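K.L.:
The structure is given below, and queries will be raised subsequently.
Please treat every number below as a calculation from the coordinates, not as lab data. Just so it is clear, the model here is predicted, and its values are computed rather than measured. Reconstructed Cβ throughout: ideal geometry from the backbone, glycine too, with neighbour counts over all protein chains shown.
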Amino acid sequence: MVKAKNNDLKLSNLKKEMKSLEKPETYNLSNGTDLHFNPVFDGNKIQTLLEEYQEKVLYMIEKGIEMDDKMTIQYVQFLCIKYFTHLKKDIPDTYTFEQQLEVMEILMFKGYYEEILNDVLPAKEIQRVFDKLTTFVATGEYLGKLQGEVQTKIQDLDLKHKDEIMNAFGKFNKVENNVVDINDTARNVKADKPVNNSANVDGE
């Protein structure tokens, strides 16, 4: 009897896969220089890339900078170059959005941008980034919508409680007015019918 092959997930195998992800390959560019790159994109780095994208988008909104679809695609591709080639050491995280655009323009002007994207970085890995970006954006929009619904629900509850409080307050005012009416009536009765002190004298 042939023993079935053990196909269980093992941490040892995962560690080997992680090491393979960390090991870069070398590509000789058209100008004769070498570019070191990751043939398989690390999921953690993709997440960091998406977080930086979000950070820069918020910055653009704050500064009133408009970015069309073409520019968005080019910027995400630029981030792929940053995170998955050795050029990241020349594009530090401290760079502003404007400084990043300068680097991107230099790469485009020299033709390296197109060569790296078309001939070096695997198309399927770049597509992974855009697929995750779509999910990332959709999740953000969903959470924003959900937060809006929660706020609306809170406002509805506030209004409901407000009505209950106003109704209770109205009942309290009604009772208070009745108490005032009773006190006024009692004072009026005393004023109309003064106490006959002489009766007390006679009783003595």
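K.L.:
Determine, from the Cβ-Cβ distance of Ile106 and Leu9 and an R0 of 41 Å, the FRET efficiency 1/(1 + (r/R0)^6), rounded to the nearest 0.05.
P.N.:
Plugging the Cβ-Cβ distance into 1/(1 + (r/R0)^6) gives 0.40.
K.L.:
Let's test the formula: R0 of 30 Å, r as the Cβ-Cβ distance of Asn44 and Met71. What FRET efficiency results, to the nearest 0.05?
P.N.:
With a Förster radius of 30 Å, E is 0.70.
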